[in-house]
Amino acid sequence: MTMTLPRILAIETSCDDTSVATLEGFQVRSNVVYTQVLHEQYGGVVPELASRAHMEALVPTVDSALKKAGWALKDVDAVAVTQGPGLLGSLLVGHSYAKSLALSLGAPLLNVHHMEAHMLAHFLVEPGIQETAIPGFPYLCLTVSGGHTQLVRVDGLGVYSLLGESLDDAAGEAFDKTAKLLGLSYPGGPAVSALAQQGTPDRFQFPRPMVKHGGLDFSFSGLKTHTLNTFKTCEAQGEVSDQDRADIALAFEVAVVDTLLIKCRRALEHTGLQRLVMAGGVSANRRLREVLAKRLGSKGIQVFYPEGHLCTDNGAMIALAGALRMSAGECDGPMAEVRARWPMAELAPPSDAHSEVTS
Ligand code: KG4
Ligand code: ZN
């Protein structure tokens, strides 16, 4: 079945990025992300400051997204918004605004699950990207973000089976904590990755957590302790040099990537799936993309990931998830409330959502 997708304006404020996007079909018309740099000085997101910053940034970000798309408000068919999971105060800012906007336009309000949006983000088409690179269902999704590390079997819109997840820190959280230890800026993933490029290969060998454990769950807290202990050993031998930091960053990154590779390979073997999709902020990591594409590609697995700026939090993925659910016949009323905690297991397919995704 071919779906006709409407023109959507979407708002994402679940954490520390204020993002507004416009989407027509699968085509991104604009995707404006305002990143709250104010958290950098605290080494992590401060929830109260995040909601206040969303309040200041939201209206100008909406204006900017509309202007870039060449749209007026009257062009919007539906308003999509992140309903959860995320920081309560931050979610409330975006959700209250989206509710009022939808009501004033007489347009439907599409309430979106943030993690579902990540898992569908590779369906987005930006100007200049060839649509042949888009996979269909089913696929294995590795979702690696600041709050989640999950392996999910995706059989259709809303048809998700959780195969494995982190028992403690998420992969992104581990990157952020390592960055803090090494004196790098927040968010730490890109900073650790950039520093790792100066690292000496094989100087340190870090453990690959949980790989001997036969299952598909992850645990990054042991790796975090090992990283800390290595740093302390360097410290005990004198001042920790820039080269020491780079070598630690590299050993850490290689261990995380290797662990994710081993678990993905195992999940693909267990399920027999032939496609792997990467999602979430950590999937912007260059080493992860290259290693998974090469090592799984050589086994005949097709590996997909969104453009880097569509891996991290953005409004376009919220628009797409909302559009897909709306086109499959789902539409909540404007009375829905935000859900700071919202287990993915509670997601269900819209009644006729098993159809093939075609634009
Ligand atoms: O998906 P996301 O933008 O927000 C959440 O929903 O959590 O993910 C943010 C996480 C942060 O922990 C950040 O450090 C990490 O993604 N990240 C990266 C990279 N870019 C962002 N981690 C490793 N390498 C990167 N290039
Ligand atoms: Zn996210």
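Which pairs turn up if I take residues in segment 161-179 that are open to solvent by 10 Å² or more (accessible area, probe 1.4 Å) and look for partners that are among the aliphatic types (A, V, I, L, M) and within 15 Å of ligand 2 (Cβ to nearest atom) with beta carbon separation below 6 Å, at least 6 apart in sequence or on another chain?
These pairs meet every condition: Leu162/Val152.
Can you pull out every residue in segment 1-23 that is modelled with pLDDT of 95 or more and among the charged types (D, E, K, R)?
Arg7, Glu12
Which of the strands (runs of 3 or more DSSP E) contained wholly in segment 79-178 include at least 1 residues that are β-branched (Val, Ile, Thr) and within 14 Å of ligand 1 (Cβ to nearest atom)?
In segment 79-178, the matching strands (runs of 3 or more DSSP E) lie at 109-113, 139-144, 149-156.
All but one of (1) out of contact with any His (no Cβ under 6 Å at 6 or more places or on another chain); (2) surrounded by fewer than 24 Cβ atoms within 10 Å (Cβ to Cβ) hold for Gln83; state the number of the condition that does not hold.
(2)
Please tell me if Leu184 is open to solvent by 10 Å² or more (accessible area, probe 1.4 Å), within 11 Å of ligand 1 (Cβ to nearest atom), in contact with a helix residue (DSSP H, G or I) (Cβ under 7 Å, 6 or more places away or on another chain) and of a type outside the set (Phe, Trp, Tyr).
Against the criterion (open to solvent by 10 Å² or more (accessible area, probe 1.4 Å), within 11 Å of ligand 1 (Cβ to nearest atom), in contact with a helix residue (DSSP H, G or I) (Cβ under 7 Å, 6 or more places away or on another chain) and of a type outside the set (Phe, Trp, Tyr)), Leu184 qualifies.
Which of the residues spanning segment 110-138 are surrounded by 21 or more Cβ atoms within 10 Å (Cβ to Cβ) and either at pLDDT below 95 or not assigned by TED's automatic domain parsing to the domain that holds Ala321 (or both)?
His122, Phe123, Leu124
So that you can scan it fast, the table gives a plain yes or no per residue for (1) aliphatic (A, V, I, L, M); (2) outside any helix (DSSP H, G or I); (3) without any contact (Cβ under 8 Å) to a residue 40 or more places away in the chain; (4) within 13 Å of ligand 1 (Cβ to nearest atom):
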{"site": "Gln243", "(1), (2), (3), (4)": "no, no, no, no"}
{"site": "Ala251", "(1), (2), (3), (4)": "yes, no, no, no"}
{"site": "Asp258", "(1), (2), (3), (4)": "no, no, no, no"}
{"site": "Arg265", "(1), (2), (3), (4)": "no, no, yes, no"}
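Here is a list: Glu290, Glu337, Glu330, Glu346. Which entry is over 26 Å from Gln83 (Cβ atoms), among the acidic types (Asp, Glu) and away from ligand 2 (no atom under 16 Å from the Cβ)?
Glu290
Count, please, the residues in segment 307-339 that happen to be under 21 Å from Pro187 (Cα atoms) and either away from ligand 1 (no atom under 16 Å from the Cβ) or part of a loop (DSSP other than H, G, I, E, B) (or both).
4
Would you call Val152 assigned by TED's automatic domain parsing to the domain that holds Leu216 and either open to solvent by less than 40 Å² (accessible area, probe 1.4 Å) or not hydrophobic (A, V, I, L, M, F, W, C) (or both)?
yes
Here is a list of conditions, (1) on the phi < 0 side of the Ramachandran plot; (2) within 16 Å of ligand 1 (Cβ to nearest atom); (3) touching a helix residue (DSSP H, G or I) at 6+ places or on another chain (Cβ under 8 Å), and Ala194 meets all of them except one; can you say which number that is?
(3)
Checking Val62 against (1) modelled with pLDDT of 95 or more; (2) open to solvent by 10 Å² or more (accessible area, probe 1.4 Å), which single condition isn't satisfied?
Every condition holds for Val62 apart from (2).
Could you tell me which of the residues Arg325, Arg275 is among the basic types (Lys, Arg), in the same structural domain as Val33 (by TED's automatic domain parsing), on the phi < 0 side of the Ramachandran plot and open to solvent by less than 70 Å² (accessible area, probe 1.4 Å)?
Criteria check complete, one pass: Arg325.
The values are calculated or read from the model by the stated rules, or taken from the named source; none is laboratory data. Predicted, not measured: the structure shown is a model, and the values here were computed from it. Using ideal geometry, Cβ is built from the backbone for each residue, glycine included, and neighbour counts are taken over all protein chains shown. Each accessible area value is taken on the protein alone, full model and side chains, heavy atoms only, with ligands, DNA and RNA left out. Shrake-Rupley method; radii C 1.70, N 1.55, O 1.52, S 1.80 Å.
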